[in-house]
1. Mind checking whether some residue in the stretch 317-333 is touching a His at 6+ places or on another chain (Cβ under 9 Å) and either of a type in the set (Lys, Arg) or modelled with pLDDT under 95 (or both)?
2. If a residue has to be under 12 Å from MET220 (Cβ atoms) and either part of a loop (DSSP other than H, G, I, E, B) or charged (D, E, K, R) (or both) to count, how many in the stretch 139-186 make the cut?
3. Give the stretch 455-492 a look and list any residue that's part of a strand (DSSP E or B) and either of a type in the set (Val, Ile, Thr) or buried (at least 18 other Cβ atoms within 10 Å of the Cβ) (or both), or say none.
4. Go through the stretch 133-143 residue by residue and tally those that are closer than 18 Å to GLN189 by Cα, without any contact (Cβ under 8 Å) to a residue 40 or more places away in the chain and surrounded by fewer than 12 Cβ atoms within 10 Å (Cβ to Cβ).
5. Just to be sure, is GLU274 more than 13 Å from ligand 2 (Cβ to nearest atom) and at pLDDT 95 or above?
6. Taking only pairs six or more apart or across chains, which ones have beta-carbon atoms under 8 Å, a first residue in the stretch 386-401 that is within 8 Å of ligand 1 (Cβ to nearest atom), and a second residue that is acidic (Asp, Glu)?
7. If we keep just the residues of the stretch 323-341 that are more than 16 Å from ligand 2 (Cβ to nearest atom) and of a type in the set (Lys, Arg), which is surrounded by the fewest Cβ atoms within 10 Å (Cβ to Cβ)?
8. Would you pick out the residues in the stretch 34-53 that are touching a Leu at 6+ places or on another chain (Cβ under 7 Å) and either more than 24 Å from TRP376 (Cβ to Cβ) or free of Cβ contacts under 8 Å to residues at least 60 places away in the same chain (or both)?
Amino acid sequence: MRDPRYDILFEPMQIGPVTAKNRFYQVPHCNGGGYRDPSAAAAMRGIKAEGGWGVIFTEQCEMHHTSEITPFIELRLWEDKDIPQLRKMSERMKTHGALAGIQLAYSGINGPNLYTKEVPLAPSALPIRTFTNDPVQARALDKQDIKDLRRWFVNAAKRSKDAGFDLICLYGAHGFGIFQHFLSRATNQRSDEYGGSLENRARFSQEVIADMRDAVGDTMAITLRVSLDETIGELGFSNAEVRDYIEMNKNLPDLWDLAQGTWEDCSGPSRFKEEAAQEELVRGIHELTDKPIVGVGRFTSPDVMAKMVKSGTLDFIGCARPSIADPFLPKKIEEGRIEDIRECIGCNICITGDMTMSISRCTQNPTFMEEWRKGWHPEKMNDKGDSDNVLIVGSGPAGLEAAWALCRRGYDVAVAEARDVIGGRVARERLLPGLSAWGRVVDYRDYQLSQRPNVEIYRESELDAESILEFGFENVCIATGAKWRNDGVSRQHVVPMPIAEGVKVYTPDDLMDGTIPSGRVVVYDDDHYYMGGVLAELLAKNGAQVTLVTPSAYVSDWTNNTLEQIAIHPRLVDAGVEIVLNQGVTEIHPDHVVSNCVYTDRTWKIEADAVVMVASRLENNAVFNDLKAREAEWADAGIKSVKLIGDANAPGPIAWATYAGHRYARELDGEDIGDALPFRREITELAAD
Ligand code: ADP
Ligand code: SF4
């Protein structure tokens, strides 16, 4: 039964001509699939409908071919031909009474048009501002262009209506949509009636919304997504100016969708941002308008959500990542199953699907974007197969997810863990600076498993091949993880690097075990994800004089994909860490390392009392290999299958491990598909010549 404290979250609310059934509002979010994987994206949105969201949006949809953000893969609505795939999505969204929304984006100064080869158009002629520093500039829109653009918005609105959507969100946030480019003095340096004063800068948004209202406003709601603060100093569209704009244009859209300035700010990772981090920026805006407001803040707690609505800060709880980690979040609150909510950990792995133009994953929800491709449902497992029991060796994210998914299928599951705590790497990494929220990966599964009669967890139970053969489980899943190497092998060095005799090199495992070197410490980062930066921070906090050396041009390079890099660099600088980029380490001696320039190979000496080697990891696959070597004994021991998964198979991020665990559980006792592709794939139809 629902806790009455949360009733307020289930009150319907009108947005222009349409009514949302509750306050759960899935704001637009990318998924890496977009126009390339329309059925996968549609099925993913359909799952959210089933999970109880009142409003569900697409990701950004490029509304005209003169503005697109290739290489990123979003949606497109350039011509009538695009309507059927969008209709498929809106139909899925509306299956359980949710409203379907489409976000129309004209990318202006953010769209390099690498695909269409059109000249980009923006309020002012400036270089394109995107992640990739493309050597492309935009031409300033002239009066005729503005008229054309207004018409293109109307065309897109009519097509959106045809495609079955209930709401249109006009994108003007995160530095991405043209509405922001007009509103901000940084990107709008015009001297005509569209530039200069705030009244003038607001004109374009007023005109487009008026045009759209005339065209579709009788049946569709029109919302405007604006940045709460552009955070680029004086010239930018500041929070104070946002408030002036909303006050002056109180009832312009049917709903104000308020997002933080840049995408990096708005999708702040848990390492840098708490839940509801944008509250300050939103507070009080409600009093400036008669229209409802939606805001985001990685909301996963129903108490915080209810507080936001009760206090009049927000009318709708906007969620992207929390809806990815748990598409059934509203339903679980409605059914009084708060403890079943799979909380987002704020790792931003989902965003990497977009940034790498692949397809998104979620650390917490391995079924994300596999709803259509693999037929995976976040809340339902396939039926049990022929065998009955499984022994899982190792309780890291791979082993725990496998256990949780298998016991839902109805298998009897035993998990053996060598240590006295479960969670594997997560149990250790959650104690590092800024990573405590990652512990939810373990906490969620730990609790869920504790509620099941068919799972036993054995701590302090290190198993070897002999004991596994003795137990005689039908299926054995080896999820024994990996350990960090101390010989430097990674990318710069594909074979062990020269380390002077007797020099102790520390690995991330040593530090996580509590051995923390002091004095002058070199952190050598040839891993490039978060670990090097996190350990540099830990060491600096412990008083060490830290130099981080990396062959990359960026600290924690791969975190550009999780939108963390921009926050990691200044945090390390503030912590007093010296950052040495584009340099490797070629030799390690008792009191110094030799560092080389990756371009010229010139070398330097960097004095060091200790070196922390963040290179690569070695699979703990000994138990698996021993078992394999004794395959002839399996049948007598009653063993039907032995499988190696997760980091023990090939080390990767935590999301790769939960995916591996889930996949193992789904496929156990499954039919042999031979050489067939293990997922469905959408292929573009060939056009007639
Ligand atoms: P993954 O990311 O693949 O889940 P982790 O390294 O996080 O891998 O977790 C592996 C877990 O397996 C660790 O908690 C480790 O203590 C445990 N483990 C490793 N070898 C054995 C073993 N022989 N018996 C039982 N547990 C083991
Ligand atoms: Fe949250 Fe991480 Fe999942 Fe994204 S990938 S939804 S940040 S848990």
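The values are calculated or read from the model by the stated rules, or taken from the named source; none is laboratory data. Values in this document were obtained by computation on a predicted structure and should not be read as measured data. Cβ coordinates were reconstructed from backbone atoms using ideal geometry, including for glycine residues, and neighbour counts include every protein chain displayed.
1. Yes, the stretch 317-333 contains at least one residue that is touching a His at 6+ places or on another chain (Cβ under 9 Å) and either of a type in the set (Lys, Arg) or modelled with pLDDT under 95 (or both).
2. Residues flagged as under 12 Å from MET220 (Cβ atoms) and either part of a loop (DSSP other than H, G, I, E, B) or charged (D, E, K, R) (or both) within the stretch 139-186 amount to 8.
3. VAL455, ILE457, ASN475, VAL476, CYS477, ILE478, ALA482, TRP484, VAL489, listed by residue number.
4. Number satisfying all stated conditions: 1.
5. Taking the combined requirement at face value, the residue does not satisfy it.
6. So the pair list comes out as GLY394/GLU417; SER395/GLU417; GLY396/ASP647; ALA398/ASP647; GLY399/GLU417; LEU400/ASP446.
7. It comes out as ARG337.
8. Result: GLY34, TYR35.
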